[in-house]
Structures are given as C-alpha cells and as structure tokens.
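The block underneath contains the structure these notes are about, expressed in structure tokens.
Here, each number is a calculation from the coordinates, and none is a lab measurement. Just so it is clear, the model here is predicted, and its values are computed rather than measured. For neighbour counting, all protein chains shown are included, and Cβ atoms are generated from backbone atoms with ideal geometry for every residue, glycine included.
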Amino acid sequence: MTTTNAPSFSKVVLITGGTSGLGRSMCERLAATGHRVYGTGRQVKGLETLNAYHMVGMDVTDTASVNAAVALVLQDAGRIDVLINNAGLGIQGPVEDIDPELAHQVMNTNVYGPHRMMRAVLPAMRAQGSGVIINISSIAANFGLPYRGFYSASKAALDRLSEALSTEVARFGIQVVTVQPGEFNTNIATARLRPKQVSEAHRPGYEKAMEVLGGSMHYSRDPDELARVIARIIASPRPRTVYRVAEGVQKMSVLLKKLLPGRMFERMVRKHYE
C-alpha cells in the first residue's frame, strides 16, 4: 500500500463495512479531514485504493480474516488509533418466524463481529497506551421494535458490551464510544435478512409494519451527517459514552421510553405500527 502525506494530527482509522452506506461516508469524510483511513469489506477487488483511503478485504464473521486484516494495517501504518465497528446486518420478521440459524447470522455480524475486531486491535492499543473504539449501534437498541426484534436485540447487546468494555480498558488509555444512528439513506432496508415464510397469524401485522417502516425511509438523511459526528468524536479528547444521531419521533421515543410506564409505551409503539 502507498501512503500519502498527512497532517501531524492525523490518526490511523480502521472502519469495518467501508464499501457503501455509512461506512463509505465515514471513509470519505475522515480521509478528507486528514486521517489515514483503512476501510474493510468482503468484496474490495478493484477498490483497494480509493482517493485518499485504502480498502482491505475482510469478513467480520471470520476470525482468521479479521486477524489478518488488522495485522496488515498494523504492518502498513504501525498503529491503529481508532477502530470503528460499522459493519452490520439488518433483519425483519416476527420473532416466532425467525429460525435460530437466521438469528445467529445477525448476532454473528452485529455482536460477535465487533467482538472479534476489538479483540484483534486491543493488544496494539494497549501497547501504545491510547485508542478509541467507536461501535455503531442503532437508535433501535433502545426498544424492542416489532418485527425487528433480533435487530434491536443485537444492537442492545452491542451497547452493553461497549459499556462493559469501556470500564475494563479505561486504565489503558483506551476510550469506548457508542453511536446510535436513526434512519439514514443507505441500502440497509433492501439488504435486510428475512424469514423464508411469514406465518398467517403474523402476516397482517407484519405487512402493515413494513409499510410504515418503508415510509420512514422517505425522511432518511445524508450519511455524511453521521460521518461528521464521527469526525468530531475522533477530534474530542473526552468524547461522551453515547451519541444519538436521530431526529423527530425516533429521538423523542428514547425519552418517552424512560418516562412512560412500560405498558403505556408498548401501546404507543403498537399504535405507531397499526
């Protein structure tokens, strides 16, 4: 790999899921800011060098692939200052209709994938006495969203994992940050996993919820908005533990979940999807 001259404040940033959507926007924004950026993806042939950042082939569900990619970046750059766990899978369908194999696929990408990445970079960060790990969660981590239960569960698990890790690694000079985006203009909706069949009992509610969910994509925002937040986090000497990058009902729902009695909040969610 070739390296371009960068400002003295630049950091070595490793971003998973960098071929499209939020990940690609982060790569572009952070490279433009002056950081030395390495994006990853399962299919990067022909994309190894894009403008001012590099693409590295890697599969977050494969431990050997993760370790090899991290070793490659360390060999090329000498350090990793920031890890952004962005790669993720969406899933939709009634909880009852999601078979364990499909559920495992989501957890393997959204929870075990970041875990593999963190295990791979932590020794280097610990040795250098500094580092920032940014885990891209979701505003959905705050709720058990109907017909996206396993997505909510995977992101909630990542939040708790991040919270625990933050306490464990603080003494090594490593900071852990959770970012919860709302809806953005990406291909996650079309790429969601789905059960082979939705049962007749759940079909009416499921189809109605998918109509509502599809409509929400109309107010999706530019992924660069999130990338700019990430740039500010990296520039901050003391970033917050959690950043919520959402608007409207999505952001308000987090507060209502805390304030309202549980069943009342559930009724509000049901009404939204009816």
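Some notes on this structure:
- Computed over every Cα-Cα pair of the chain and binned at 10 Å starting from 0, the pair-distance distribution P(r) comes out as 7, 29, 35, 20, 8, 1, 0 percent.
- In this simple spin-label model, placing a label point 7 Å from the Cα along the Cα-to-Cβ direction at both Val95 and Thr61 gives a separation of 2.3 nm.
- Each peptide in 59-67, 102-110, 81-89 receives the mean, over its residues, of other Cβ atoms within 10 Å, and ordering these scores from highest gives 81-89, 102-110, 59-67.
- Considering every alpha-carbon pair of region 80-187, the percent of pairs per 10 Å bin, from zero through the bin containing the longest distance, is 15, 45, 28, 11, 1.
- Burial ordering of Asp76, Asp222, Asp159, fewest other beta-carbon atoms within 10 Å first: Asp222, Asp76, Asp159
- For region 92-136, the C-alpha radius of gyration divided by 2.2 N^0.38 Å, with N the number of residues, is 1.63.
- Rg to Rh quotient for region 144-271, alpha carbon positions, Kirkwood Rh: 1.01
- Other-chain or far-sequence residues with amide H under 5 Å of Val56's (modelled H): Gly39, Thr40, Gly41
- Put the Cα centre of region 58-99 next to the Cα centre of region 218-274 and the gap is 24 Å.
- Calculated FRET efficiency for the pair Val242/Lys271, C-beta based, R₀ 30 Å, to 0.05: 0.65
- C-alpha long axis of helix 21-33 to longest principal axis of the chain, angle in °: 30 degrees
- A straight chain from Val212 to Gln43 at 0.36 nm per residue would run longer than the Cα-Cα distance by 57.6 nm.
- Summarising the amide proton neighbourhood of Gly182: residues at separation of 5 or more, or on other chains, whose placed amide H is nearer than 5 Å comprise Ile139, Val245, Ala246.
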